[in-house]
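*Asks:* Have a look at this one before I ask anything.
The values are calculated or read from the model by the stated rules, or taken from the named source; none is laboratory data. Just so you know, these numbers come straight off a predicted model, no measurement behind them. As a convention, Cβ positions derive from the backbone with ideal geometry for all residues, glycine included, and neighbour counts pool all protein chains shown. Calculation scope for accessible area: heavy atoms of the full protein, side chains included, ligands and nucleic acids excluded. Shrake-Rupley method; radii C 1.70, N 1.55, O 1.52, S 1.80 Å.
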Amino acid sequence: MNVPQIRLQSISAQLGIHTTKGQQTIEQPKAELEIEQPKADLTVETTPSTLTIDQTEAWADMDLKHISRRVSEAAQQGYQDALAGIARRAEEGERLKRIEDGGNPLADLAKKHSEKPIYPFNIGFIPSAGSVKMHYEPAKVNIDVQTKKPLIDAAIHKPIIDYQPGNVEVELERRNELSIDFESVNKGE
């Protein structure tokens, strides 16, 4: 008996893919920057300090006086001594006038005028404390600063971009095939 057979033989299709990679380059040029800083305006005003030292009294304590002061003091002292002399003579005259009150006023006055007076003495070349007068006025400083803003000039540059896209090529390298055969097979004859 003949049994028909179908034989199928197939070959798959083959695709070929060829890829070219894309390329990209980026270059960033540097920015151009100019900075200028104007100088600040600075003014300084100074009032100098003053120191005043008055040592007139210290010199006077050491008996080193100006001639005008010596003349003034001598005149004042002469006036005081004249008044004291007048008062002393008036008082002594009153004592002598009242001789009847008793005592010996003439001998007492003679004894009083014959004794040397005792004068107080101190070291004469050292001035007294606080005789030097000092006055100090400190210096005054006035500072005025006028600042100025910096001048900035910046030029930026855009980046340089170079792009080459990639490519994909697809091709059919081999077509698919299908072959069909019909055969009859004899069995058992």
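*Asks:* Can you name every residue in the stretch 163-181 that is of a type in the set (S, T, N, Q) and open to solvent by less than 90 Å² (accessible area, probe 1.4 Å)?
*Replies:* Hits for the stretch 163-181 are ASN167, SER179.
*Asks:* Looking at the stretch 1-17, I want the residues that are over 26 Å from LEU172 (Cβ atoms) and in contact (Cβ under 8 Å) with a residue 12 or more places away in the chain and have a partner that is acidic (Asp, Glu) and not in a loop (DSSP other than H, G, I, E, B) with Cβ atoms under 6 Å, at least 6 apart or on another chain. Which pairs are those?
*Replies:* So the pair list comes out as GLN5/GLU183.
*Asks:* Go through the stretch 33-52 and count every residue that is open to solvent by 90 Å² or more (accessible area, probe 1.4 Å) and more than 30 Å from GLN146 (Cβ to Cβ).
*Replies:* Within the stretch 33-52, residues that are open to solvent by 90 Å² or more (accessible area, probe 1.4 Å) and more than 30 Å from GLN146 (Cβ to Cβ) number 1.
*Asks:* For the stretch 32-54, does any single residue satisfy the condition of being farther than 30 Å from VAL141 by Cα and modelled with pLDDT under 90?
*Replies:* No: zero hits.
*Asks:* Starting from the stretch 48-76, keep only residues that are more than 19 Å from ILE126 (Cα to Cα), then list their pairs with residues that are outside any helix (DSSP H, G or I) whose Cβ atoms are within a distance under 6 Å, requiring at least 6 positions of separation or different chains.
*Replies:* Sorted first by the residue in the stretch 48-76, then by its partner, the pairs are PRO48/ALA139; SER49/PRO138; SER49/ALA139; THR50/GLU137; LEU51/TYR136; THR52/HIS135.
*Asks:* Go through (1) surrounded by 10 or more Cβ atoms within 10 Å (Cβ to Cβ); (2) touching an Asp or Glu at 6+ places or on another chain (Cβ under 7 Å) for HIS18 and report which single condition fails.
*Replies:* With (1) surrounded by 10 or more Cβ atoms within 10 Å (Cβ to Cβ); (2) touching an Asp or Glu at 6+ places or on another chain (Cβ under 7 Å) applied to HIS18, the lone miss is (1).
*Asks:* Given the criteria surrounded by 10 or more Cβ atoms within 10 Å (Cβ to Cβ) and either in contact (Cβ under 8 Å) with a residue 24 or more places away in the chain or touching a His at 6+ places or on another chain (Cβ under 6 Å) (or both), does LYS133 qualify?
*Replies:* yes
*Asks:* Condition first: within 30 Å of GLN24 (Cα to Cα) and of a type in the set (A, V, I, L, M, F, W, C). Now tell me which residues in the stretch 139-171 satisfy that.
*Replies:* Selection gives ALA154, ALA155, ILE156, ILE160, ILE161, VAL168, VAL170.
*Asks:* Would you mind telling me which numbered condition in (1) farther than 23 Å from SER131 by Cβ; (2) free of Cβ contacts under 8 Å to residues at least 12 places away in the same chain; (3) exposed (fewer than 10 other Cβ atoms within 10 Å of the Cβ); (4) hydrophobic (A, V, I, L, M, F, W, C) ALA87 fails?
*Replies:* For ALA87, the exception is condition (3).
*Asks:* Within the stretch 148-162, how many residues are exposed (fewer than 10 other Cβ atoms within 10 Å of the Cβ) and farther than 30 Å from LYS39 by Cα?
*Replies:* 3
*Asks:* Of the residues that make up the stretch 119-130, is at least one among the β-branched types (Val, Ile, Thr) and either at pLDDT 85 or above or more than 60 Å from the chain's Cα centre (by Cα) (or both)?
*Replies:* Taking every residue of the stretch 119-130 in turn, none turns out to be among the β-branched types (Val, Ile, Thr) and either at pLDDT 85 or above or more than 60 Å from the chain's Cα centre (by Cα) (or both).
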